[in-house]
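Encoded as structure tokens, the structure appears first; notes follow it.
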Amino acid sequence: MKYRGHVWKFGRDIDTDLIIPARYLKTSDPAELGRHAMEDADPEFVNKISAGDIIVAEENFGCGSSREHAPIALKAAGISCVIAKSFARIFYRNSINMGLPILESPEAVDGINPGDEIQVDTDKGEITNLATGKVYRAKPLPEFINNIVRQGGLINYIKDKVKA
């Protein structure tokens, strides 16, 4: 799968409370969660991004509490994928389950600047900085994980398998 968008860059240890503040966890409505994505890290974030944009972050993105609301909020806000040096394990799995592709690539994080336009190919594990032409490698998502993401998450993937 390919994604293309502008980069919004964040530092290390971006926890799930920064991704979606706990005060909004009374709902599981994706649209409502999306309106508040990254609000405590950047209050104007959702007003500045465009559909398809990409978050690039340092180490330990998604640390903190185990909440599926975090990847739902990012996806609903219009973020197409997240690239980081590393992810908290539970956030990694929650993202896949919710259909939000995520890739680890320390070199890409170091070489990409805020506002750069990048293209991500999850099948090949390639991240191309369209501003510089530099291509970075990330571990490609395994085919079964790509299939879950293509279906929009684990629930849709299972529904499709049951129908078949």
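Every number here is computed from the coordinates shown, using simple stated rules; none is lab data. Predicted model, so just to flag it, every value in this text is computed and none were measured. Don't worry about glycine lacking a Cβ; one is built from the backbone with ideal geometry, like all the others, and counts go over all protein chains shown.
Farthest towards the positive end of the charge dipole of the chain, among the residues F144, T27, N97, is the Cα of F144, using unit charges on the Cβ of Lys, Arg, Asp and Glu.
Phi angles of the range 126-136 translate, via the Karplus equation with coefficients 6.51, -1.76, 1.60 and θ = phi - 60°, into HN-Hα couplings of 10, 10, 10, 7, 6, 6, 10, x, 6, 10, 10 Hz per residue; Gly and Pro are given as x. Please label the shape of the chain as rounded, prolate or oblate, based on the square roots a ≥ b ≥ c of the eigenvalues of the alpha-carbon gyration tensor (a/c under 1.5 means rounded; beyond that, a/b larger than b/c means prolate, else oblate). It comes out oblate by the Cα gyration axes.
Backbone geometry of the range 147-164 corresponds, through the Karplus equation with coefficients 6.51, -1.76 and 1.60 at θ = phi - 60°, to 3J(HN,Hα) couplings of 5, 5, 5, 4, 7, x, x, 5, 4, 5, 4, 5, 4, 5, 5, 5, 4, 6 Hz, x marking Gly and Pro.
Quick one: grab the alpha carbon gyration tensor of the range 1-86, order the square roots of its eigenvalues as a ≥ b ≥ c, and give me rounded if a/c is under 1.5, else prolate or oblate depending on whether a/b is larger than b/c. Taking the square roots of the gyration eigenvalues as a ≥ b ≥ c, the range 1-86 is oblate.
Summing charges over all other residues whose Cβ lies under 14 Å from the Cβ of A138, with Lys and Arg as +1 and Asp and Glu as -1, gives 0.
With +1 on each Lys and Arg Cβ and -1 on each Asp and Glu Cβ, how big is the dipole of the range 19-164 about its Cα centre, in debye rounded to the nearest 20? Spell out each step's value before the answer.
On the way: 17 positive and 20 negative charges, 137 e Å.
It comes to approximately 660 debye.
The phi torsions of the range 49-62, fed into the Karplus equation with coefficients 6.51, -1.76 and 1.60 and a -60° offset, translate into couplings of 7, 10, 4, x, 4, 10, 8, 10, 9, 6, 6, 6, 5, x Hz, rounded to whole numbers, with Gly and Pro shown as x.
Starting from the Cα of S65, move 7 Å in the Cα-to-Cβ direction to define the label point; list residues of the range 1-31 whose amide nitrogen is under 19 Å from there. Once the point is set 7 Å along Cα→Cβ of S65, 13-31 turn out to lie under 19 Å by backbone N, inside the range 1-31.
Dividing the summed -39500 (n - 2.57) terms of all DSSP H runs of n ≥ 4 by the residue count of the chain sets its mean residue ellipticity at 222 nm at -8500 deg cm²/dmol.
Charging the Cβ of each Asp and Glu at -1 and of each Lys and Arg at +1, and nothing else, the dipole of the range 1-66 about its Cα centre rounds to 300 debye.
If each residue of separation counts as 0.36 nm, what is the full-extension length gain between Q151 and R137 once their alpha-carbon separation is subtracted?
2.6 nm
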